[in-house]
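The structure appears right after this line, and notes come after that.
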Amino acid sequence: MQTTVEESTHRDDAKAKRELFRQPMYLVHVTGWPEDRLTPEQPVQAPAGARLELWRTDPADGRHLPPPGPDGVLLATERFSLVNSGNRTLRTPKRSWKADLDDQRLAGMSTLNLKSMFNDPSQQREALAWRLFGSVGIPAARHTYAKLGINARYMGLYSLIEQVDKRFLKDRFGKNDEGNLYKAYCGDLGCSTLEHRVGDGGDDGGGQYRSPPGSEDATYRLKTNEDDPAANGYDDLAQLVRAVNGVGLPGGDGRFDTEAFRASVEGILNARAFLRWAGANLLLGGWDNYFATPANYYLYNSGRRGDQRGFMASPYFTFIPWDYDNSFGIDYFGTAWQYTDLLDWPANTVAYHGGEGGTSKIPLVTNLLANRDFRAYYLDHLEFLLDTSFNPEAFAAEIGGDGDGGLWQRVSRAAYLESDTPGGAPFTGRQWSNDEVWRSGCKQYELRHGDAHAEGIVHYVRMRHDSARQQLAELRRDLPPGASGASFPTPLEPLPERA
């Protein structure tokens, strides 16, 4: 079969992107940027004379902004825009950044997503989370690190995270990359709970999930096909919500533990990939997503294989996680996320919701786990994680220590360069001193800053692992190991064929 130019380009870009995220660290340097535009909350186009460059650098290099090495500059452009990004970190002293590259591409990508890790004293939480997701067939972003400089000023160490965009979709879904990508926020319709919404006259169509035209605070935001009237009515999202909530099925609350409910959900959602995410997320203690918030996730309606343009008539969704700096024991509410019940997630969200007895409304978790077949798969995969990669020894080996080549060795030098003294305030605006970064990232000590509480990662993993084992032993009285019949690890499932 003859390969088209487009297919060849995509294959080359995919290979280049894999190689890009295998590299341990980059330097991103912006020069000629206006000093009065260093906190842009809306995208600012680069003025004449501004330039963005990127090159590989050695994590052990003790210079703030080392020049290009033998590989030279890998990306150079004068056509780009910058904006600060994030939710909790949008107005923090050390801000996250997005650089949109206009007509330039880096391994097929049009965006550089630089996260400040402001909440994370270890500087390693997102790296560990994305590694775990990538190993168990969850469609998640890739990760590496970058130093950021603006106008020859060192801005600090950042996570460089693959943006969920059209290139991301092409890499994961092949020809089915033209569908509807939704990002979930807390906005004018509340947070992105996926609860069933019914308007006047019983209307539960797409208009119940679509914010008013021109809204700058939409809850469910369509990131593709925004201007296509055949695709931007949110009717596919409404169809997913009806399935998740068992709308139209008989049996009251008992309808969730039926073959009809399972088949209805599996007909519109990659439920197994979602349940793998759910187990991994609960172990990681990631709460600022479809758990406590709920927001900070994507839903992608790819449609079915062989029917790429039929995604509205026959939708098929995949859950895509996002944003993992608040994980592994980061907390602001006095909540011990490591002891969350394996099945009753909402019970551990009372403090997050103000302590008045309210809890998260997350039917995509609670309704699926009310189904015996889904529950069996979830527990089997969770036990697989506990048996293999989710244990304190495995994470301690990944993190490493002084001098042994783990993640700590990769981040420590660039993080230390953010301050001139061990105990002094970092000049980059990072909230953690160098000594605190060392105590958290290397020594695994617990830290507190006002309401902010950060467990040592390995200590958190030990507590979560032991609690999950104890809970699982009780749950196995009803659902013995292997009850789902599934084997792990598994790659992301291929899209189902069109009917």
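The values are calculated or read from the model by the stated rules, or taken from the named source; none is laboratory data. All values derive from a computational prediction rather than experimental measurement. In this analysis, Cβ positions are derived from the backbone assuming ideal geometry, glycine residues included, and neighbour counts consider all displayed protein chains. Protein only, heavy atoms only, side chains kept; ligands, DNA and RNA dropped before computing areas. Shrake-Rupley method; radii C 1.70, N 1.55, O 1.52, S 1.80 Å.
Under 5 Å from the amide H of residue 180 lie the amide H atoms of 301, each residue being 5 or more positions distant or on a separate chain, with H modelled from the backbone and absent for Pro and chain starts.
Using a cutoff of 8 angstrom between alpha carbon atoms and counting only pairs six or more residues apart, the relative contact order for the chain works out to 16 percent.
Think of each Lys and Arg Cβ as +1 and each Asp and Glu Cβ as -1; about the Cα centre, that makes the dipole of region 83-172 roughly 200 debye. Each Lys and Arg Cβ is given +1 and each Asp and Glu Cβ -1; about its Cα centre, the chain then shows a dipole of about 760 debye.
For region 231-328, rounded, prolate or oblate, judged on the Cα gyration tensor with a ≥ b ≥ c (square roots of eigenvalues), a/c < 1.5 rounded, else prolate if a/b > b/c?
oblate
Heavy atoms of the protein chains alone define the surface here; on that basis the chain has 40 Å² accessible area per residue at 1.4 Å probe size.
Residue 18 exposes around 100 Å² of accessible area when a 1.4 Å probe is run over every protein chain in place. With the helix formula -39500 (n - 2.57) applied to DSSP H stretches of n ≥ 4, the chain reaches a computed 222 nm mean residue ellipticity of -8500 deg cm²/dmol. When DSSP beta bridges are restricted to pairs lying wholly in the chain, around 85% turn out antiparallel. How many percent of the accessible area of region 269-348 is carbon or sulfur, using a 1.4 Å probe? Here it works out to 46 percent. Here's how it looks for residue 204: its modeled amide H is under 5 Å from those of 199, which are all 5 or more places away or on a different chain.
Across the accessible surface of region 62-189, with the other protein chains kept in place and a 1.4 Å probe, carbon and sulfur atoms take up 46 percent. Pairs exceeding 30 Å between alpha-carbon atoms, taken from 17/147; 147/361; 115/361: 147/361.
Per-residue surface analysis assigns residue 58 an accessible area of about 90 Å², computed on protein heavy atoms at 1.4 Å probe radius. Seen against the Cα atoms of the chain and their longest principal axis, helix 407-416 is set at about 50 degrees. Taking the C-alpha atoms only, the angle from helix 271-284 to the longest principal axis of the chain is near 50 degrees. Helix 457-475 and the longest principal axis of the Cα set of the chain meet at an angle near 10°.
With unit charges on the beta carbon (Lys/Arg positive, Asp/Glu negative), name the residue among 181, 209, 110 whose Cα is farthest towards the positive pole of the charge dipole of the chain. The one lying farthest along the dipole's positive direction is 110. Modelled spin labels at residue 402 and residue 247, positioned 7 Å past Cα toward Cβ, are 6.0 nm from each other. Under the classification rounded if a/c is under 1.5, otherwise prolate if a/b is larger than b/c and oblate if not, where does region 169-284 fall, given a ≥ b ≥ c as square roots of the Cα gyration tensor eigenvalues? Oblate.
Expected output is a single nm value to one decimal: the length gained when fully extending between residue 449 and residue 152, i.e. 0.36 nm times separation in residues minus the C-alpha distance. What is it?
Full extension from residue 449 to residue 152 adds 103.9 nm.
Residue separation of residue 90 and residue 466 scaled by 0.36 nm, minus their Cα-Cα distance, works out to 131.8 nm of gained length. Spin-label pair residue 483-residue 343: with each label point 7 Å from Cα along the Cα-Cβ axis, the two points sit 0.8 nm from one another.
Using a ≥ b ≥ c from the Cα gyration tensor of region 292-436 (square roots of the eigenvalues), is it rounded, prolate or oblate, where a/c under 1.5 gives rounded and otherwise the larger of a/b and b/c decides, a/b for prolate? Because a/c hits 1.5 or more and a/b exceeds b/c, region 292-436 counts as prolate. Summarising the amide proton neighbourhood of residue 149: residues at separation of 5 or more, or on other chains, whose placed amide H is nearer than 5 Å comprise 28, 29, 30, 155. Between residue 499 and residue 165, the simple label model (points 7 Å from Cα in the Cβ direction) yields a spacing of 3.6 nm. Taking the accessible area of region 5-45, probe 1.4 Å, and keeping the other protein chains in place, the carbon and sulfur fraction comes to 49%.
Cysteines of the chain lacking any other cysteine Cβ under 4.7 Å from their own Cβ: 442.
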